[in-house]
1. Taking a quarter of the surface of the convex hull around the Cα atoms of the chain, what do you get in nm²?
2. Place a point 7 Å from Cα of GLU177 in the direction of its Cβ. Which residues in the stretch 372-386 have their backbone N less than 14 Å from it?
3. Cα to Cα, under 22 Å, and not fewer than 8 places away if on the same chain: which lysines meet these conditions relative to LYS337?
4. What is the distance, in nm, between label points placed 7 Å from the Cα along the Cα-to-Cβ direction at PHE91 and at LYS57?
5. Largest first and to the nearest Å, give the Cα extent of the stretch 1-111 along each principal axis.
6. Give the ranking of TYR378, TYR137, TYR346 by solvent-accessible surface, highest area first, calculated with a 1.4 Å probe.
7. Tell me, what % of the accessible area of the stretch 1-109 is carbon and sulfur with a 1.4 angstrom probe?
8. Could you work out the Rg to Rh ratio of the stretch 275-386, with Rh taken as the Kirkwood radius (inverse of the mean 1/r over all Cα pairs)?
Amino acid sequence: MILGIDLRCLESRFLTGVGEYTLNVILNLLKNYPNLKIIGYTNKAKATLIPAELKNKIELIHTRYPNKIKNLLYTLRLGRGLDEEFIKAGFRPDIIWLPAPAFIKFHGKIPAVVTIHDLSFVHFPKYFPLKGRFWYYPYLRRQLTNGLYDFTKIIAVTNHTKNDLVDTYPKLKNKVEAVIPGLSKIYSTSKTPTEISAVKNKYHLPNQYLLTLGTIEPRKNYLLIFEAIKDLRTKFNYNLDLVVAGTWGWCYGEIKLWLKNNPDIAKHIHITGFIDGVDKPALYQGAKIFLFPSFYEGIGMPPMESAASGVPVITTSTSSLPEVIGDGGLMVSPYHKEMWVSAIKYLLDNDEARAKLSAAGQLQMKKFSWDKTASEYYKIFSNLTK
């Protein structure tokens, strides 16, 4: 089988969320199906940038159109479709996969599959930058409302996302199939105290810390955690530090203002910037508790990774998180700070509860495998090429 993949979601120096998901699916497809040939499509005015793990493992098509012009053409249904780009370059894939929705057009010459991770832009539009809210997301909503007619099949990353898609856009009902994400075994491999100390030193972290991880943007609900830490330190005299492992994303003015207005607490909040993937297992395993107060997630990989690492998880009872975390974490509302304060206090004060939750999280995470995820993708791709 020849698989064409739109790799534009990987053209970034730092991979998060969708990029990490895409890379893991591709690497496990390559590992488990040696007869599979992958052709990747990239588009950038400058030289393309893809993860080093894919170099020499796939072939690339690289065009150099300005993305704004190309996206406008796709919006107006003009110009060459993505299937024609592959054919023009001398390839004719059996199927084309988009790992995430994008400005796109096909001419129906090759079956196409798209993966949709969540509908946060529909349910929480105020949490996204103006550029997306006034251009990309209206385009995507129109495509979804019309049934994504360019695509033969839609893959949802969880059953929650599948149900959300069908409930919100009924025309998609017969196109959507859920494929549950995997989880790398690196998180369940214990790190030595020396390895954990080295990561703490690398990112200038305190010896004891609570941890949260993700891009700093409103949907992640960081202000709730900051306020909870403030209460724990000032009202209950807990000597706590919080590590925020993530890069500054968008619409973070309110967060920066909070940090400025609360200097005594801000000095105990450590924002690391991007964390190298190889450092994440030790970062998780060095934490006392992992906190994930997000309003909405298509998957929720950080709490899954943390649970697999043996760290007790407190997260929210919303969107896909109950599906993937199950009994492997404490779940509370993303709207009630007092509930977070109580949950954190409970785990800090109860060694037995932390140990039980750690074991439950590790057991729950054994259900997830990238090999299984790749197998489901390959089965879908094969069925569409018969």
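1. Hull-based average projected area comes out at 19.0 nm².
2. 373-386
3. Straight-distance partners of LYS337: LYS126, LYS220, LYS230, LYS235, LYS256, LYS260, LYS267, LYS288, LYS345.
4. 1.5
5. 39, 30, 22
6. Greatest to least solvent exposure: TYR346, TYR378, TYR137.
7. Carbon plus sulfur share of accessible area: 55 percent.
8. Expressed as Rg/Rh, it is 1.06.
The values are calculated or read from the model by the stated rules, or taken from the named source; none is laboratory data. Worth saying up front: this structure is predicted, and the values here are computed from it rather than measured. Glycine also receives a Cβ, built like all others from the backbone with ideal geometry; neighbour counts cover every protein chain displayed. SASA here: full protein model, heavy atoms, side chains in, ligands and nucleic acids out. Shrake-Rupley method; radii C 1.70, N 1.55, O 1.52, S 1.80 Å.
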